[in-house]
Amino acid sequence: MIRDLYNVRLRPAEGATTPLTEAEEQRFRAVLFSELGNKISDQGWARFPAYTTEDRRRLVAVGHCLTSYWGQQVFVQAEDQCRVRLYLAGYEALPEALPARCS
């Protein structure tokens, strides 16, 4: 007996990620826009993890959206392999780390 299978997708290989659908991508960018925008407006900068190239592209796109929304440049800078920093002009310097306490 032959059966037709509808809406069946191949499972990704172990450890591989599946790309977001267009609707999921829009919702995720909207959340980033809101959350990172609030944090940047409060303290002038925000830091967010970016483990993949797609994460970095997404954060750059959010930075461009914030720039056009506010009419003020939002800069996007990779801090290391896993973090991206979004900031306004005047907040270029990384925040000072608290000194370590010796016991």
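The values are calculated or read from the model by the stated rules, or taken from the named source; none is laboratory data. Small disclaimer: the values here were computed from a predicted structure and weren't measured. Note that we place each Cβ from the backbone using ideal geometry, even for glycine, and neighbour counts take in every protein chain shown. For accessibility, only protein heavy atoms count, side chains too; no ligands or nucleic acids. Shrake-Rupley method; radii C 1.70, N 1.55, O 1.52, S 1.80 Å.
Restricting attention to region 32-51 and to residues that are farther than 13 Å from Y91 by Cβ and surrounded by fewer than 13 Cβ atoms within 10 Å (Cβ to Cβ), the residue that is nearest to the chain's Cα centre (by Cα) turns out to be P49. Considering region 1-31, the residues that are open to solvent by less than 100 Å² (accessible area, probe 1.4 Å) and within 18 Å of F48 (Cβ to Cβ) include one that is modelled with the lowest pLDDT, namely L20. Scanning region 82-99 for residues being open to solvent by 90 Å² or more (accessible area, probe 1.4 Å) and either at pLDDT 90 or above or among the acidic types (D, E) (or both) gives a total of 3.
Within region 9-31, residues that are more than 25 Å from V62 (Cβ to Cβ) sit with their Cβ atoms under 8 Å from residues that are among the polar types (S, T, N, Q) and modelled with pLDDT of 70 or more, at 6+ positions apart or across chains, in these pairs: P12/T18.
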